[in-house]
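Asker: Next up is a structure, given as structure tokens.
The values are calculated or read from the model by the stated rules, or taken from the named source; none is laboratory data. What you are looking at is a predicted structure, and each value in this text was computed from that prediction instead of being measured. Positions of Cβ are backbone-derived with ideal geometry, glycine not excepted, and every protein chain shown enters the neighbour counts.
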């Protein structure tokens, strides 16, 4: 089976990798322009704000991350845990009390300090989620693309003989199936086929420091800032995991955030390195859109939480495409609910 994947970010790369593991011949069309993967905070979680069905999908994907990281070395995956106090105390307590199959516990200031000794002012009450983690999304996508045919080219979706096909460098190329995993570009790619996809891609900014000695053990989500430390030692942060409104001067905003983080953490002042700006691809109702579209041979993989969900969506969609069996965890997320034919 010859399959094209449009989009080589973390989600498209995972779909392609899993399809190849199932025996498909996969070509990934990976545009040169940076996308959501390059600007992801990369928090692997099933945290606050998820209904039970969505949390089950996220928990399943979290459980799949260690195996995927072992099979595709170089993802930068760490099951490091997360410390969170970015909600009122009543919400934190309710979150822990209502959690199902998701290990959470309340910790006081002394234990929070023990978990993250670099905190200058540990919270009086926080939630510790030992199973949460992070990955290095650019490295992870590259690790999953390794061994696949990768074409660095812009493409256009077209119809050929009643099926989805691609126009690449002026020539039409046909495949047994095409997976659209192009993130923020998905709606524009579908429009010429007469499909209106409900989605948006708000811009988010993250600030990155120069590398520093290890300062954080895991992810830290405080009320006005979410912080993690990368494999190479960079502190990366935004006002929340989705990034920050960059305003008129993103660099100035990034420097201000790092200055604030320097006040929150013991150690030398953090030195600004750069900011990343990325559209956050988000389906219209905020939940993933994964599965077959109305045009024969065309499939969609779209989700805001690409890093968390990459293992599950990659494996489940590949299985469905190769065998016809749809995982029940994906049942609420068929894409037709968000697509209108024009």
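Asker: Considering (1) within 19 Å of residue 340 (Cβ to Cβ); (2) part of a strand (DSSP E or B), say which one residue 189 fails and leave the rest.
Answerer: (2)
Asker: Among (1) buried (at least 16 other Cβ atoms within 10 Å of the Cβ); (2) over 22 Å from residue 290 (Cβ atoms), where does residue 121 come up short?
Answerer: Single failed check for residue 121: (1).
Asker: Here is a further query. Quick one: which helices (runs of 4 or more DSSP H) lie wholly within the range 38-146 and hold at least 2 residues that are touching a residue at least 60 places away in the same chain (Cβ under 8 Å)? Break it down stepwise before answering.
Answerer: Details: elements: 52-71, 89-98, 109-115, 137-145.
The helices (runs of 4 or more DSSP H) meeting that bar are 52-71, 137-145.
Residue-wise test of (1) buried (at least 18 other Cβ atoms within 10 Å of the Cβ); (2) touching a strand residue (DSSP E or B) at 6+ places or on another chain (Cβ under 8 Å); (3) over 21 Å from residue 5 (Cα atoms); (4) in the same structural domain as residue 100 (by TED's automatic domain parsing).
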site: 18; (1), (2), (3), (4): yes, no, no, no
site: 25; (1), (2), (3), (4): no, yes, no, no
site: 32; (1), (2), (3), (4): no, no, no, no
site: 51; (1), (2), (3), (4): no, no, yes, no
site: 60; (1), (2), (3), (4): yes, no, yes, no
site: 63; (1), (2), (3), (4): no, no, yes, no
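Asker: While we're on this one: Does the range 147-157 include one or more residues that are assigned to a strand (DSSP E or B) and without any contact (Cβ under 8 Å) to a residue 12 or more places away in the chain?
Answerer: At the first step, the residues of the range 147-157 found to be assigned to a strand (DSSP E or B) are 149-151, 155-157.
If we keep only those that are without any contact (Cβ under 8 Å) to a residue 12 or more places away in the chain as well, we get none.
No, because not a single residue in the range 147-157 is assigned to a strand (DSSP E or B) and without any contact (Cβ under 8 Å) to a residue 12 or more places away in the chain.
Asker: With respect to residue 331, is the statement that it is free of Cβ contacts under 8 Å to residues at least 40 places away in the same chain, closer than 24 Å to residue 48 by Cβ and either surrounded by fewer than 21 Cβ atoms within 10 Å (Cβ to Cβ) or touching a strand residue (DSSP E or B) at 6+ places or on another chain (Cβ under 9 Å) (or both) true? Steps first, please.
Answerer: Working: free of Cβ contacts under 8 Å to residues at least 40 places away in the same chain: yes; closer than 24 Å to residue 48 by Cβ: yes; either surrounded by fewer than 21 Cβ atoms within 10 Å (Cβ to Cβ) or touching a strand residue (DSSP E or B) at 6+ places or on another chain (Cβ under 9 Å) (or both): yes.
For residue 331, the condition - free of Cβ contacts under 8 Å to residues at least 40 places away in the same chain, closer than 24 Å to residue 48 by Cβ and either surrounded by fewer than 21 Cβ atoms within 10 Å (Cβ to Cβ) or touching a strand residue (DSSP E or B) at 6+ places or on another chain (Cβ under 9 Å) (or both) - is met.
Asker: Which residue out of 174, 153, 186 is touching a strand residue (DSSP E or B) at 6+ places or on another chain (Cβ under 8 Å) and at pLDDT below 95? Can you show your working first?
Answerer: Values: 174 fails: at pLDDT below 95; 186 fails: at pLDDT below 95.
Within the list 174, 153, 186, the selection yields 153.
Asker: I'd like to verify a number: residues in the range 293-317 that are surrounded by fewer than 24 Cβ atoms within 10 Å (Cβ to Cβ) and touching a helix residue (DSSP H, G or I) at 6+ places or on another chain (Cβ under 9 Å), how many? Spell out how you get there, then give the answer.
Answerer: Start the filter on the range 293-317 by keeping residues that are surrounded by fewer than 24 Cβ atoms within 10 Å (Cβ to Cβ), which leaves 293-299, 304, 315.
Restricting the remaining residues to those that are touching a helix residue (DSSP H, G or I) at 6+ places or on another chain (Cβ under 9 Å) gives 293-295, 298-299, 315.
Summing the residues that are surrounded by fewer than 24 Cβ atoms within 10 Å (Cβ to Cβ) and touching a helix residue (DSSP H, G or I) at 6+ places or on another chain (Cβ under 9 Å) in the range 293-317 gives 6.
Asker: Take the residues in the range 37-72 that are in contact with a helix residue (DSSP H, G or I) (Cβ under 7 Å, 6 or more places away or on another chain) and modelled with pLDDT under 90, then tell me which one is farthest from residue 149 (Cα to Cα).
Answerer: Among those residues, the one meeting the criterion is 48.
Asker: Looking at the range 117-136, which of its residues are under 30 Å from residue 311 (Cα atoms) and in contact with a strand residue (DSSP E or B) (Cβ under 6 Å, 6 or more places away or on another chain)?
Answerer: Of the range 117-136, the ones under 30 Å from residue 311 (Cα atoms) are 126-136.
126, 127, 128, 129, 132, 133, 134 - these are the residues of the range 117-136 that are under 30 Å from residue 311 (Cα atoms) and in contact with a strand residue (DSSP E or B) (Cβ under 6 Å, 6 or more places away or on another chain).
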